[in-house]
1. Report the convex hull volume per residue for segment 1-56, counting only C-alpha atoms, in Å³.
2. What are the GluC sites (Glu not before Pro) within segment 117-175 that DSSP puts in a loop, where the Cβ has at most 12 other Cβ atoms within 10 Å?
3. What list of ³J(HN,Hα) values in whole Hz, one per residue of segment 14-23 in order, does the Karplus curve 6.51 cos²θ - 1.76 cosθ + 1.60 (θ = phi - 60°) give from phi, with Gly and Pro shown as x?
4. Under a cut-off of 19 Å between alpha-carbon atoms, report the lysines in cross-link reach of Lys151, not counting same-chain residues fewer than 8 places apart.
5. Any idea how far apart Ile620 and Glu532 come out in nm if each label point goes 7 Å out from Cα toward Cβ?
6. Out of the DSSP beta bridges found with both residues in the chain, what percent are antiparallel (nearest 5)?
7. Tell me, what ³J(HN,Hα) does each residue in segment 375-388 have, in order and in whole Hz, if you take phi through Karplus 6.51 cos²θ - 1.76 cosθ + 1.60 with θ = phi - 60° and put x for Gly and Pro?
8. How large, in Å, is the chain by the Kirkwood hydrodynamic radius built from its alpha-carbon pairs?
Amino acid sequence: MKLTPNQEAVVTTRDKNILVSAAAGSGKTAVLVERIISQIFDDRHPVDVDRILVVTFTKAAAKEMKERIYQDIEKKAQEESLNSHLMKQMNLVNSAFISTIDSFCGYIVRNYFEEIHLDPNFRIAEESELAIQRADIMAELFEEKFAEGNKEFIQFIDAYSPKHDLSKISEMIYQLYLDAASKPWIRDYLNGLLHIYNITSVDELEQSDWMKEIMLYIRKLLSDIQNEYTTMMEQISPEHKYFEVFMSELSLVNGYLSCQNFDDLVDKMASIEQDIGRLPSKKSALNEEETDQYYKEIRTLLTKKLKEIQQQYLSMKLEQIYESMIAIKPFAQEFVTITIEFMERYQKKKSELNVLDFSDLEHFALNILVDEDSKQKSAVAVELSEYFEAVMVDEYQDSNMLQETILSSITTNDDNYGNYFMVGDMKQSIYRFRSADPGIFAAKYLLYQKEVENNIRIDLDKNFRSRKEVIDSVNLVFQNIMHKDFGGIEYDKAASLDYGAIDYELLEDSVSRKTELILIDKDVTKNEDVEENAKQLEAKYVAQKIASMMETYFVTDKETKQLRPLMYKDIVILHRSANTEGSVFMDYLNELFIPAFLVSKTQYFDSIEIELMVALLTIIDNPRDDISFTAVLKSPMFQIEDSLLLAIRNEFSTESFYRAVFLYAQNHPEE
């Protein structure tokens, strides 16, 4: 493959810690494979493939990468059949350390279990099994606390669940435990959460780092609103009926930004409801109505933001905040205490059963590699860091601090050398709900922006996958919504996608490629002549659009790079609620004979075959479940017709259907 200068730098740069910010479609995987191959066959310092650790996000990605590396090595071997180094690499690929972080941690735990006195015969437990154990532990823990009459616990329950909804408390405890489990040292993290409550005065509160951060954040929000008002004032005429109101509100925002301390800002914004006036009701000229509506909508959005800032951050003065913290402190302490107690019992139960979950694998691996007290590398970590000549991490934006600590412990890093290679894209971080911490990537993105010591950042911003129209549309959206305080990164020129697939321009193509935004007017559904609801109208439109595209649309074939007619398999419908609303789309697609497959979590269990098996298992347990029993009789297994089922019910209407079938069979042996 022909490499761009930045791709070439990714492949050839050596002896440094490298952060690669790789945009969607930038050829990241191909470049990563190329780098591995180049290290294996480096003339100056060739590296065996099994001495390169590559951590991928999924098993499928690891499998694909191994296959691509093997294919590249095999291709070279055909050209140089007598090269013993090549033959050796082909044999080593299958045992190469290309895996998910969980698999790598499993390797460490299974090979060095004696370092932490762990029984090597453990197994990875099913989540359903663990969920039962957690529920039992929670119930046992709560029962003991109530039986003891534990004052702190009961006050905590009363404060956070007045109706004693223990399921809500259980969820709170488990979520805090999960959050802590994504950190290197769980107990340190949990106890550290209480440090914020150790403040002893209002002055100390005002000077605390986190209060200063809050003030900076509020000022950033206000500055953004100030800029919006300023832009609007530059557009609107001084004679416009809204001009005076907008000018007054801009002055308000300027006043807020002039406040020197937190309490002054609280006082200033306390009267925001009264300070924000009403827009003049003077009727606009017909040619101004659309413009007026535009200004009105922007102003509504800005005043809403101002009110939200006041309500969320400035409803209390420092004295009130300090008093609230004193009042909350005992509850926070109890929350942390009971979470630690749950954690200890949960770990004990898993130890008794000799089972682990994936979080345990990571924490045990960390305990093997790093001493918890000194935070120094262990002998095992030193051994592995000497063995691995390169440590590479794919999808780095979805790592968490626990995984980062594990991988950092086996890298080699000093003032003159680094071998940690990280590739990812802040804009593609989608796993925060699984405790991913994109802040790790964001921090290094800023730190590595200029080459410092042995750290370097390389940006792969060219997209070789999409047409220019797609690139421009994506950039337009994200330049307006993605900022450092909303998304963790500023979507500036450096972060924007750069069009790189110039091959598209070489093809003669008369099809319009403009991005379309189709809005379904929900009010239309109120019309008596319209039978469909909004979701059905949307699905109907999509189905009709696909049908029309099949007649005239051409796409670039991935293999031949030439235009060909659109095929159904080229099309995907992305939906936020495919599990619940995907069937609506399927109905309309089927109406137009458009072949489609719905991928959803519920689809498997909603299929006829699975529902039938569930019904069969149900009547094995309880044959008097009439609905399940009837479903099995009507199924292809027995093929009982509706007329016969009706006759059975009519003859024995007071009996359970199970009993009625047996009685009917006795009375009508000929049937």
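Bear in mind these aren't lab numbers, they're just calculated from the coordinates by the rules spelled out. In this text, all values refer to a predicted model and were calculated from it rather than measured experimentally. With ideal geometry, Cβ positions are generated from the backbone for all residues, glycine too; neighbour counts draw on all protein chains shown.
1. Values: hull volume 5.6 nm³, N = 56.
Considering the Cα atoms of segment 1-56, their hull volume per residue is 101 Å³.
2. On the way: sites: Glu126, Glu127, Glu129, Glu140, Glu143, Glu144, Glu148, Glu152, Glu171; in loops: Glu126.
Of the GluC sites (Glu not before Pro), the ones in loops of segment 117-175 whose Cβ has at most 12 other Cβ atoms within 10 Å are Glu126.
3. My calculation for segment 14-23 gives 10, 6, 9, 7, 10, 9, 9, 8, 10, 5 Hz in order.
4. Counting by Cα, and skipping residues close in sequence, Lys151 has these lysines nearby: Lys163, Lys329.
5. For Ile620 paired with Glu532, the spin-label model returns 4.4 nm.
6. On the way: 8 of 33 bridges.
Rounded to the nearest five, the antiparallel share is 25 percent.
7. 6, 9, 4, 7, 4, 5, 4, 5, 4, 5, 5, 6, 6, 7
8. Details: mean 1/r = 0.0316 Å⁻¹.
Answer for the chain: a Kirkwood hydrodynamic radius of 31.6 Å.
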